[in-house]
Amino acid sequence: MIGRLRLWSGYVLFAYVTTHLLNHALGLVSLRVLEGSRIWFVYPWQGLPGQVALYGALLIHFTLALWAVVRRRTFRLSPWEWTQLVLGASIVPLAAVHVVGTRVAHDYYDVQSGYPWVLASLTVGGWMGVVRQFALPIVVWIHACIGLHFAWRLRPWYRDWLPTLYAIALLVPAAGIAGAGVALRDFTDLAQQPGFLSEMFARVKAPDATSAAQLYRISDGLMGGAGALLLACLAARPLRNFWERRAGVVHLTYSDGKTVNAPAGLTVLDMSRIAGIPHASVCGGRGRCSTCRVRVGGPDRGLLPPAEPEEQKVLARVGAPESVRLACQLRPPTGRYRITTLLPASAGPVEAYRQQPQAHGGERYVAILFADIRGFTSISEGKLPYDVVFLLNRYFRATGHAVQSAGGRLDKFIGDGVMAIFGLDRAPEVACRQALEAARRMTLALDDLNEALSGDLDQPLRIGIGLHAGPAIVGEMGYERAASLTAIGDTVNTASRLESLTKEFKVELVVSQELLDRAGVDLSAAPQHEVDIRGRQGRLAVRAILQARDLTSLSS
């Protein structure tokens with residue numbers, strides 16, 4: 001809830017800054033257009049609802065930013081997080097004079113706080129005032145864009161919209177700053193006329209010297225108060241640590257043997273960071289991305305508090321089992337726990353949005369397809385390396401499209417071979433029918449490829465396909481970037497063996513009777529064989545199909 005409040009208050013403030021910059025951009029046209037259009041850009045914020053939304057968002061965002069300083073257990077941050085933090089801390093010193101000189105001056109001294117007043121103040125002021133005024137929107141904009149990037153980069157639509165959003169992020173502040181610069185230049189030229197500034201200050205009801213000094217004191221008070229609050233939050237951190245140590249100590253043992261002893265009340269992610277243990281966290285520990293998820297075990301696992309609704313939502317998105325929790329949300333009580341990180345520390349947004357429930361490991365009934373090009377060694381002899389790579393890529397593209405269009409998942413390419421899995425999110429019966437359909441489509445795609453490459457091949461490409469179905473262990477396996485969802489077990493080994501039997505039977509497809517029975521497909525017209533599979537007890541009934549493209553007629 002706190003994270004959502006901070007995000008939505010940021011949205012309101014970002015909308016306010018955007019309207020300001022768009023208004024500034026009209027300075028590229030003329031001073032008259034700049035001031036004349038201001039009424040339309042400030043209109044949403046002048047009424048009671050707009051002021052409640054704006055000042056409420058400002059108060060909420062500032063308060064929650066201070067609370068985040070108190071709650072943060074370590075300042076081991078990424079460069080982007082440090083950038084956002086420093087820019088956010090710079091906003092109050094940069095904005096205090098501007099806010100007091102416009103809003104407070106208008107409310108208490110009836111100053112007409114439009115562009116003429118601001119430009120006149122900058123004209124007679126020193127260069128530091130100009131630097132502060134122009135730096136403020138840049139600092140606020142970059143701070144906001146970093147926050148939006150962290151909030152949105154896990155959304156499915158973000159990657160597609162990123163070029164457009166990037167263009168907006170560049171053009172809006174560039175146009176706003178350029179417009180303000182041109183307006184200041186034009187106003188400075190007009191100020192050279194005798195009596196112009198005096199007339200302008202009288203028109204906007206500029207405060208006298210006493211009132212101006214009072215406004216500066218208010219500005220200094222705001223900056224001093226904000227600084228005092230920040231120092232108080234930093235000073236509260238050791239007091240918080242002392243109080244939490246009274247609650248006991250949590251002992252964590254990681255899968256690589258490292259141990260961490262930390263006071264109760266910290267999250268597992270905080271404990272990892274304090275101990276210098278690399279831990280993935282794409283969203284920065286805000287409970288949005290799931291990359292920090294861990295498997296929790298140990299003698300005291302039963303003492304863990306249940307997941308909050310927000311955590312449950314993220315865990316359900318990735319299909320996490322009961323033993324998996326988000327490290328950034330889990331605050332284990334005093335006890336001993338075993339922690340296994342499930343993603344590498346270098347995990348990025350792609351890993352954050354993987355939604356396969358099987359990624360954490362489990363047994364599932366699946367259909368496995370293996371395919372291999374017959375005699376590829378002899379085909380590739382005498383060809384240039386470029387030609388071999390080109391041929392394989394065309395073959396992989398054709399067969400990969402056939403598998404995916406049938407509903408399967410490409411598992412891996414091994415040399416000139418292909419492995420595919422069916423049934424990760426479908427019933428066994430559907431998975432088996434999809435595997436048969438994929439085999440049929442692969443042979444049809446190969447026919448089209450042979451026709452397209454007939455002038456480059458001495459002989460057409462031929463493939464052998466093996467299909468089998470049964471229980472397999474499915475999970476995400478591998479190391480760091482090489483990790484992927486795959487299947488292992490007897491079912492996979494059997495499907496691979498059936499593919500190799502296509503050479504012995506001189507056919508295009510060998511499929512187990514187990515898969516056909518599950519699919520509800522009758523291929524009794526095809527020859528049946530009883531085969532021995534190494535490492536498997538008993539003989540396996542299979543059907544040998546001369547051409548997989550004829551599956552439709554055979555199954556009718």
Item to check | Fraction of alpha-carbon pairs over 42 Å apart in the chain - percent | outcome: 47
Checklist entry - Taking the Cβ-Cβ separation of TRP161 and ARG203 as r and a Förster radius of 56 Å, what is the calculated FRET efficiency to the nearest 0.05? => result 0.80
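Using unit Cβ charges (K, R positive; D, E negative) and no other charged atoms, how large, in debye to the nearest 20, is the dipole of the range 353-489 about its Cα centre? Can you show the working numbers first?
Values: 14 positive and 16 negative charges, 67 e Å.
The calculated dipole for the range 353-489 is roughly 320 debye.
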Item to check | Accessible area expressed per residue, the chain, with surrounding protein chains retained (probe 1.4 Å, Å²) | outcome: 52
Checklist entry - Can you pull out the cysteines in the chain that have no other Cys Cβ under 4.7 Å? => result CYS145, CYS233, CYS292, CYS328, CYS432
Checklist entry - What's the FRET efficiency of THR340 with TYR108 using the Cβ-Cβ distance as r and R₀ = 56 Å, to the nearest 0.05? => result 0.40
Checklist entry - At 20 °C and 1.002 mPa s, what whole-number value in µm²/s does Stokes-Einstein give for the translational diffusion of the range 461-522, with Rh from the Kirkwood sum over Cα pairs? => result 164
Checklist entry - What part of the accessible area of the range 1-146, given as a whole %, is carbon or sulfur when the probe is 1.4 angstrom? => result 73
Next on the checklist: Could you work out how much longer the chain between ALA427 and ASP189 gets when fully extended? Use 0.36 nm per residue separation minus the Cα distance between them, nm to one decimal.
Outcome noted: 78.0 nm
Checklist entry - Bin by bin, in steps of 10 Å, what percent of the Cα pairs in the range 102-165 do you find, going until the bin that has the longest distance? => result 18, 29, 23, 19, 11, 0
Item to check | Test item: Cα-centred dipole of the chain, Lys/Arg +1 and Asp/Glu -1 on Cβ, debye | outcome: 1740
Next on the checklist: Testing the spin-label approximation: label points 7 Å from Cα along Cα→Cβ at VAL131 and ARG217. State their distance in nm.
Outcome noted: 2.8
Checklist entry - Using alpha-carbon positions, what is the distance between the centroids of the range 40-116 and the range 429-478, in Å? => result 60
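Report in % the part of the accessible area of the range 190-289 that belongs to carbon and sulfur, leaving out ligands and nucleic acids; probe 1.4 Å. Provide the component values of the computation, followed by the final result.
Working: 3350 of 5480 Å².
After summing per-atom areas, the C and S share lands at 61 percent.
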Checklist entry - Put +1 on the Cβ of each Lys and Arg and -1 on the Cβ of each Asp and Glu in the range 1-115; which of ASN23, PRO44, VAL86 then has its Cα farthest toward the positive end of the dipole? => result VAL86
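What fraction of the DSSP beta bridges in the range 198-345 is antiparallel, stated in percent and rounded to the nearest 5?
For the range 198-345, the DSSP antiparallel bridge percentage is about 65.
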Checklist outcome for this item: Simple SL model, points at 7 angstrom along Cα→Cβ for LEU453 and LEU28; separation in nm is 5.2
Checklist entry - Once phi is turned into θ = phi - 60°, what whole-Hz ³J(HN,Hα) does the Karplus curve with 6.51, -1.76 and 1.60 give for every residue of the range 70-76, x standing for Gly and Pro? => result 5, 6, 5, 8, 8, 9, 7
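For the chain, what does the helix formula give at 222 nm: sum of -39500 (n - 2.57) over DSSP H segments with n ≥ 4, over the residue count, nearest 500 deg cm²/dmol?
Values: 20 runs with 302 residues, N = 556.
Calculated from helices alone, the mean residue ellipticity at 222 nm is -18000 deg cm²/dmol.
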Checklist entry - So for the pair ARG246, TRP8, with labels modelled 7 Å out along Cα→Cβ, what separation do we get in nm? => result 3.6
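Can you tell me the length gained on complete extension of the stretch ASN261 to SER524, counting 0.36 nm per residue apart and subtracting the Cα distance?
Stretched fully, the ASN261-SER524 segment lengthens by 88.2 nm.
The values are calculated or read from the model by the stated rules, or taken from the named source; none is laboratory data. None of these values were measured; they are calculated from a predicted model. Neighbour counts run over all protein chains shown; Cβ positions are idealised from the backbone, glycine included. Note: accessible area is taken over every heavy atom of the protein model, side chains too, but ligands, DNA and RNA are not part of it. Shrake-Rupley method; radii C 1.70, N 1.55, O 1.52, S 1.80 Å.
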